[in-house]
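Take a look at the structure set out below.
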Amino acid sequence: MTLTISYVDRGVVNLLVEPIKADLHLSDTQISLVMGFAFITFYLILGLPLARVIDGGPRRAILGTCVTIWSVATGLCGLAQSFFQLALFRVGVGAGEAGVAPAISSMVSDLFPPHKLPRAMSMLAFAFIGGNALALLLGGFVLGSLSTSGPLTILGMGPLKPWQLTFLAVGLPGLFAALLYLTVPDPVRRGGHATAGKDTPTLVEVLRYIRKNASVFGPMFIGLALHSVAFFGTLAWSPAFFSRTHGWSPAHYGSVAGIVGLVASPIGLMIGFRITESFIRKGYDDASLRLVVWATWLALPFHIAMPLMPNPYLAVGMIAISGAIGVSAIGSQNAAMMMVTPNRMRGQMTALFLAMYNVIGFGAGPTVVAVLTDFVFGREALLRWALLCTALVLPAGSAILLTLGLKPYGEEVARIRTTA
């Protein structure tokens, strides 16, 4: 629930671009900085320090504090009266969310035994997909419902426009979630080096551990980062693709994509963790990463086919199939990383991976597609060919790297199992 709320709060601003620009007199560049740079920069800057605290401190208290910070900051976005105020509050959203994934991944890794970890991580992965879909569906519903009432005055604040009320509305659930952490116990740490406090490793120690096991972590980090460029690039430009190529409005695409995501994602997740668990029962030490490799190769043809489809419904069908296959591996990819990471390093390892994933994918993905469209093909109408090139090169490179990492990963899991 916490992760789902975080992705809704993070993504709802994308639905509110036009009314925010109109009321605060912002340019496209300014609103893009609010959506991306203000959030992701402080998310990354604070991610690693918070992760180190998580690896040695009270995770429940840290998580509850982070949820409170980002929820309050989301609500404050609705009270912003200028670009600088809105950017500052988005910094607060990023700062609060920076500690969420490391804390939850660390806690879940201690709640479930290794053979159940892929299933648990798959459930967490649905929060990512579900949160993005709900940001489209619920955010649009709230905005549409409030738009019929016009400006309102609440607790002496006002008159507030529909976009401001939307921020306030989506910020409230996080405050209730934060209260729940008063009742949730912090799991006992277990697994490799399951200690806290004075034994919390420094970032240098974590990086040294990664370098020592480069054949294990290198293919995962780089391979998944390459895949993230294609993922975020396609995610960012799909509304424009459907508009330019098939004549769909962004609102229509959002509603369709949201429903498809909510239907296809659970199917992919359930299939994914069941396949991984079957690999484990058959004695595959590389079970979690094996599914990631399979899914990356299987999704590739559908990812390539999407921009080539002659009508929008076939294109949506390709998105549904490739999305379900891709989602099937998300829980296993997270479990794969946790299974070869000492307990006391899990928070920082998660933060390092998310830093690479977000910086390369979130930062470069949309730009790679745009550069291909503007400077290689030279026409906005040829966006489909930019998406095709991205799909041809990056996921294939990711699949090759992940395949090469399968053997050393399995050997490391076997070593940890025999020495535990």
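When both residues are 6+ apart or on different chains and their Cβ atoms are under 8 Å apart, which pairs have a first residue that lies in segment 260-277 and is modelled with pLDDT of 85 or more and assigned to a helix (DSSP H, G or I), and a second that is buried (at least 19 other Cβ atoms within 10 Å of the Cβ) and aromatic (Phe, Trp, Tyr)? Matching pairs, first to second residue: Ile275/Trp294. Considering only segment 23-36, I want to know if a residue exists there that is part of a helix (DSSP H, G or I), modelled with pLDDT of 75 or more and surrounded by fewer than 19 Cβ atoms within 10 Å (Cβ to Cβ). Yes, there is a match, as at least one residue in segment 23-36 is part of a helix (DSSP H, G or I), modelled with pLDDT of 75 or more and surrounded by fewer than 19 Cβ atoms within 10 Å (Cβ to Cβ). What tally of residues in segment 223-259 results from selecting those that are out of contact with any Pro (no Cβ under 8 Å at 6 or more places or on another chain) and of a type in the set (Phe, Trp, Tyr)? So the answer is 1.
Scanning segment 288-326 for residues that are more than 24 Å from Leu401 (Cβ to Cβ) and free of Cβ contacts under 8 Å to residues at least 12 places away in the same chain yields Met309, Pro310, Tyr313, Leu314, Gly317. Scanning segment 361-380 for residues that are within 21 Å of the chain's Cα centre (by Cα) and within 18 Å of Phe37 (Cα to Cα) gives Gly361, Phe362, Gly363, Ala364, Gly365, Pro366, Thr367, Val368.
Scanning segment 316-343 for residues that are surrounded by fewer than 24 Cβ atoms within 10 Å (Cβ to Cβ) and touching a His at 6+ places or on another chain (Cβ under 7 Å) turns up Pro342, Asn343.
Of all residues in segment 54-64, those satisfying the criterion of being in contact (Cβ under 8 Å) with a residue 60 or more places away in the chain and either buried (at least 24 other Cβ atoms within 10 Å of the Cβ) or in a helix (DSSP H, G or I) (or both) are Ile54, Asp55, Gly56, Arg59, Arg60, Ala61, Leu63, Gly64.
Under 6 Å by Cβ, and 6 or more places apart or on different chains, what pairs join a residue from segment 159-188 that is under 14 Å from Leu79 (Cβ atoms) with one that is assigned to a strand (DSSP E or B) and not β-branched (Val, Ile, Thr)? Taking only residues 6 or more apart or on different chains, the pairs are Leu160/Leu152.
So for segment 345-358 (the condition being without any contact (Cβ under 8 Å) to a residue 60 or more places away in the chain and closer than 18 Å to Val292 by Cα), does at least one residue qualify? No: zero hits. If you go through segment 184-191 one residue at a time, do you hit one that is surrounded by fewer than 21 Cβ atoms within 10 Å (Cβ to Cβ), part of a helix (DSSP H, G or I) and either modelled with pLDDT under 90 or not hydrophobic (A, V, I, L, M, F, W, C) (or both)? So far as segment 184-191 goes, no, none of its residues is surrounded by fewer than 21 Cβ atoms within 10 Å (Cβ to Cβ), part of a helix (DSSP H, G or I) and either modelled with pLDDT under 90 or not hydrophobic (A, V, I, L, M, F, W, C) (or both).
In the set (1) buried (at least 19 other Cβ atoms within 10 Å of the Cβ); (2) within 17 Å of Leu388 (Cβ to Cβ), the condition left unmet by Leu235 is number (1).
The values are calculated or read from the model by the stated rules, or taken from the named source; none is laboratory data. Bear in mind the structure is a predicted one, so any value in this text is a computation, not a measurement. Cβ sites come from the backbone with ideal geometry, for glycine too, and all protein chains shown count toward neighbours.
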